[in-house]
Amino acid sequence: MNERIAIVTGASSGIGKATAIALAQKGFDVGIGFNSNAEGARQVAAEVEAHGVRALAFRMDLTDPRAAAEAVERAASELGGVDVFVNNAGVNRRASFLEETPEDWQRILTINTTGPFLCAQVAARRMVAQGRGGRIVNVTSVHELVPIRGGSSYCASKGGLGLLTKVMALELAPYGITVNAVSPGETATPMNGVPESRDAAELSRPAIPIGRPGRAREVAALIAHLAEPDAAYITGVTLPVDGGLLLMSAIANQEYAGRQ
């Protein structure tokens, strides 16, 4: 990990933006993958470069997984390699199981699972060829671990990416490549309807033990830590960043058991 080149997908806003900036602060050159928000990507690139490192904004569209993987390959070539790859781009969806359509089901799995699989495969192959190890972080969701009503396609896509993370970690460990998943709970981002100017502390969430949504930079801080040499012994795990949200399912189970 002496080289410092990172690529982050979905980096024009939200968690991806915060991750790109966090990695730049640690001295990484950063590839900034985006789909439609070119202006946002340009602004992120300027913030990355303000830390004295290189930035490369590049377009990728996960609805075409092969083309997205090729875009990652081109970005890695232009940057001179890749040492950290963050699979952050994805989409959310809610539809009841009885009403979900095959077309929408396939779209969510294509964007959230197949696209990240092919992009990570490109990054991993380059890391192996470089011979200096690497880090791969897949951004999933707490709904990789627990279901939500209306989340049949979303939960399946994130659950699949979570288990793929473990297979990747197992197979890539001999090459010095660690692979982990970071699973955010509710996070205050533009994708979730919260403008960047509004702090998460302004939003009350009584169902979350911490009492608020997460900040994008709080998720990014964990991702950036996983890129560091001190995280070399962490691989094949899912690390929630959820303000204690997952604890609530345990409390509910305890309460239910107490009534039996």
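The values are calculated or read from the model by the stated rules, or taken from the named source; none is laboratory data. All figures in this text were calculated on a predicted structure; none of them were measured in a lab. So basically every Cβ, Gly included, is an ideal-geometry build from the backbone, and we count neighbours across all protein chains shown.
So the values come out like this:
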quantity	calculated
Residue identified as closer than 26 Å to A169 by Cα and either touching a Gly at 6+ places or on another chain (Cβ under 6 Å) or in a helix (DSSP H, G or I) (or both) among E103, E47, E70, E78	E70
Only one of N87, N35 that is surrounded by 19 or more Cβ atoms within 10 Å (Cβ to Cβ), in contact with a strand residue (DSSP E or B) (Cβ under 9 Å, 6 or more places away or on another chain) and under 25 Å from T113 (Cα atoms)	N87
Checklist (1) within 23 Å of L247 (Cβ to Cβ); (2) buried (at least 21 other Cβ atoms within 10 Å of the Cβ); (3) modelled with pLDDT of 95 or more; (4) of a type in the set (A, V, I, L, M, F, W, C) applied to A188, failing item	(3)
Those residues of the stretch 194-238 which are under 11 Å from N180 (Cα atoms), assigned to a loop (DSSP other than H, G, I, E, B) and polar (S, T, N, Q), in sequence order	T235
Where a residue in the stretch 223-251 is under 17 Å from T187 (Cα atoms) and modelled with pLDDT under 95 and its partner, wherever it lies, is of a type in the set (S, T, N, Q) and buried (at least 20 other Cβ atoms within 10 Å of the Cβ), with Cβ under 9 Å and at least six apart	L246/S183
Hey, T113 closer than 17 Å to G33 by Cα, in contact with a Ser or Thr (Cβ under 8 Å, 6 or more places away or on another chain), part of a helix (DSSP H, G or I) and touching a residue at least 24 places away in the same chain (Cβ under 8 Å) or not	yes
Number of positions in the stretch 131-158 that are under 25 Å from A71 (Cα atoms) and surrounded by 18 or more Cβ atoms within 10 Å (Cβ to Cβ)	12
Neighbours by Cβ (under 7 Å, 6+ apart or cross-chain): first from the stretch 135-150, more than 26 Å from E228 (Cα to Cα) and aliphatic (A, V, I, L, M); second at pLDDT below 95 and not in a loop (DSSP other than H, G, I, E, B)	V146/L246; V146/S249
